[in-house]
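The values are calculated or read from the model by the stated rules, or taken from the named source; none is laboratory data. What you see is a predicted model; the values in this text were computed from it and never measured. Here the Cβ positions follow ideal geometry from the backbone for every residue, glycine too, while neighbour counts run over all protein chains shown.
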Amino acid sequence: METLAFQGLIGLSLAMYLWLIAAGLTIVFGVLGILNFAHGSLFMLGAYFAFTFYGLLGINFWLSMLLSLLGAALVGLIMERFFLRYIYHLDVAYQLLLTFGFILIFDDAVKMIWGGVFMIPPMPDFFTGAILIFGRPFPIYNLFIISTGIGVAIGLWLILERTWWGRIIRASASDREMASAIGVNIPILFTTVFMFGAALAALGGALSTPVRVVAPGIGGAIIIQAFVVTVIGGLGNLKGAFVGAVIVGVLTAYGILLFPIFELFIIFVVMAAVLLLKPEGLFGG
Amino acid sequence: MIKHKGFSITTLLLLALIVFLFFLPQLAGKYVMYMTMHILILSVFSLGFNLLLGYTGLLSFGQAGFYACGAYGCAKLLLVIPSLLPGIICGILFAGVFALILGFLCIRHTRIYFAMLTLCFGMMIYSLAWKWRSMTGGDDGLIGIPRAPLEIPGILSIDMSSMGNYYYFVLVVCLLAIGLLYRIVNSPFGLTLQGIRDSESRIAFTGISVKNYRLIAFTIAGLYAGLAGALLPPLENTVTPPLAHWTHSAEPVMATLLGGIHTFSGPIVGAFLFYVIKDIIVRFTEYWLIWLGAIVLALVMGLPGGVVSIFEKRLIPWIRLRFGERSPR
């Protein structure tokens, strides 16, 4: 019983990375109508930025987190302003292909700049160690991840529900033309939302650096998990993305424990079942 | 009926190309043959994919799953019965059965949900190929698959151990498959698919079952992916899980959009360009994907019709003009 509860906590920390990347993905889809294949690459870039600032240059941990977010937001600005903006009217196939092109570019660019090897950056001192939960050592860093994920969730909810910018986002997501007619500057909104999504993905990536490896190709691996999460929660549904992330994270953790051979398979079965039975997602109306 | 000169020029070029392909082993080395086989395989793979995208309007991101079914199906049988034809047929049928079953589920959706669902099933097949070690060999894949001889008892027996012989086998099979698909897309069935792409409700109002047509198109695409996959193990002697991975599903998508989705020949031209571009770039740098990515961006931004559309819109009218014929349109 305690093993199960403990494994659930591990799943929850897994879920938080997924949540951070899926949040940006689903907001961008909800507002811009684009399913960004390269969103995982922004996660990867965030990880590499954090690794460079903190691990190589020795900048303060918090400052390097902030710099990574800004760096990824800048990349997002370039992607949206100079590329995505011109293909909103095209078929979804072209949108997927364009963003897939970005995956290829980012993966190779990362290899050119940082080399193709795996890198494990150091853990900041104040996060090393573990506390006892259910009589087992649980890393402090995982607790930090879980609280950050929940903090981001609350922050996002406050932004979307309580601020002017959040209202504009919700209005544009539900009716782009009407929002434009009442004076919302859609192009600027799209750019900022995309940058915001990029920064969220980068936050996930940056936070993952002390515990996961940094390597080219981690973007392509995580984007599929992010797709699973967003589909389960409903494309464009933020609340759903959070619950979806928890479901997938916890399921992965138990799957590894109980049936390691079919752990990945079962996650895709869940995704297919949601798509077939309730395509608007578990929380879609 | 008067045949237009432009039409006969294309036919002539096509015949010249086929003759050239048949004499290729005499003209070029093993590397060019090997490349050509890969181009042919990707052509077949992409043509099947484009029956869904270009003709039916459904974007599948899981075709690599059926490709892998074909490859594993063929490999499994060849390891037991070393005879080429049964292996290939086993691969095709295996992929076809999977496509029929999964297609039945996938065609309930269109657009982005269809893309997600196919991606999902493709990755399911990938996860099985990767983890089900006793059946698929796990991440090592299946190795030592023989390039079995082509045998039909009492009629013929051709040794395939030389690459030249296998090249002819791949060439003939692919040309037959391409010809058959050309017949299919220009048949009433193919026209109905295009009708579904352009207006689903109009086709439904004429009493045609849109779902059945989509399912048949999906199954044919799966069969073609299976054929492409089944041709691979005798060539490479090995199959591995990445064949089913979604990044492999992106290959026919790229080839098709590179060549052009609204023409029959688009995927073939795209497959050719895909390998040629790769071959040229890797001579200069190991980072060839960054250039491929840049080409993909440039194509989507600047040339959404694909490369073939340039030929159709510019070159062929120019040839017609040059040879003093009136354009048919």
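In segment B:175-232, which residue that is outside any helix (DSSP H, G or I) and not β-branched (Val, Ile, Thr) is surrounded by the fewest Cβ atoms within 10 Å (Cβ to Cβ)? Filtering segment B:175-232 for residues that are outside any helix (DSSP H, G or I) and not β-branched (Val, Ile, Thr), the one surrounded by the fewest Cβ atoms within 10 Å (Cβ to Cβ) comes out as B:Gly207.
Against the condition more than 21 Å from A:Ile223 (Cα to Cα) and either within 14 Å of chain B (Cβ to nearest Cβ) or crowded, with 23+ Cβ neighbours inside 10 Å (or both), how does A:Leu143 come out, does it pass? For A:Leu143, the condition - more than 21 Å from A:Ile223 (Cα to Cα) and either within 14 Å of chain B (Cβ to nearest Cβ) or crowded, with 23+ Cβ neighbours inside 10 Å (or both) - is not met. The number of residues in segment B:126-136 being more than 9 Å from every other protein chain (Cβ to nearest Cβ) and either at pLDDT 85 or above or surrounded by fewer than 20 Cβ atoms within 10 Å (Cβ to Cβ) (or both) comes to 3. Reported count of residues in segment B:64-102, each being of a type outside the set (Phe, Trp, Tyr) and either in contact with a Gly (Cβ under 7 Å, 6 or more places away or on another chain) or in a loop (DSSP other than H, G, I, E, B) (or both), is 19. Mind checking which residues of segment B:31-59 are among the hydroxyl-bearing types (Ser, Thr, Tyr) and more than 29 Å from B:Ile280 (Cα to Cα)? B:Tyr55, B:Thr56, listed by residue number. Scanning segment B:138-154 for residues that are touching a Ser or Thr at 6+ places or on another chain (Cβ under 9 Å) and either facing chain A (nearest Cβ under 10 Å) or under 25 Å from A:Gln225 (Cβ atoms) (or both) gives B:Asp139, B:Asp140, B:Gly141. Just the residues that are facing chain A (nearest Cβ under 7 Å) and either part of a helix (DSSP H, G or I) or of a type in the set (Gly, Ala, Ser) (or both), please, taken from segment B:103-114. Those that are facing chain A (nearest Cβ under 7 Å) and either part of a helix (DSSP H, G or I) or of a type in the set (Gly, Ala, Ser) (or both): B:Leu105, B:Arg111, B:Ile112, B:Tyr113. Would you call A:Leu276 aliphatic (A, V, I, L, M), touching a Lys or Arg at 6+ places or on another chain (Cβ under 7 Å) and either under 25 Å from A:Phe51 (Cα atoms) or within 14 Å of chain B (Cβ to nearest Cβ) (or both)? Yes: the conditions hold for A:Leu276. In segment B:315-329, the count of residues that are within 14 Å of another protein chain (Cβ to nearest Cβ) and either surrounded by fewer than 17 Cβ atoms within 10 Å (Cβ to Cβ) or at pLDDT below 70 (or both) is zero. So, A:Ala171, is that one at pLDDT 80 or above, surrounded by 12 or more Cβ atoms within 10 Å (Cβ to Cβ), assigned to a helix (DSSP H, G or I) and touching a Phe, Trp or Tyr at 6+ places or on another chain (Cβ under 8 Å) or not? Taking the combined requirement at face value, the residue does not satisfy it.
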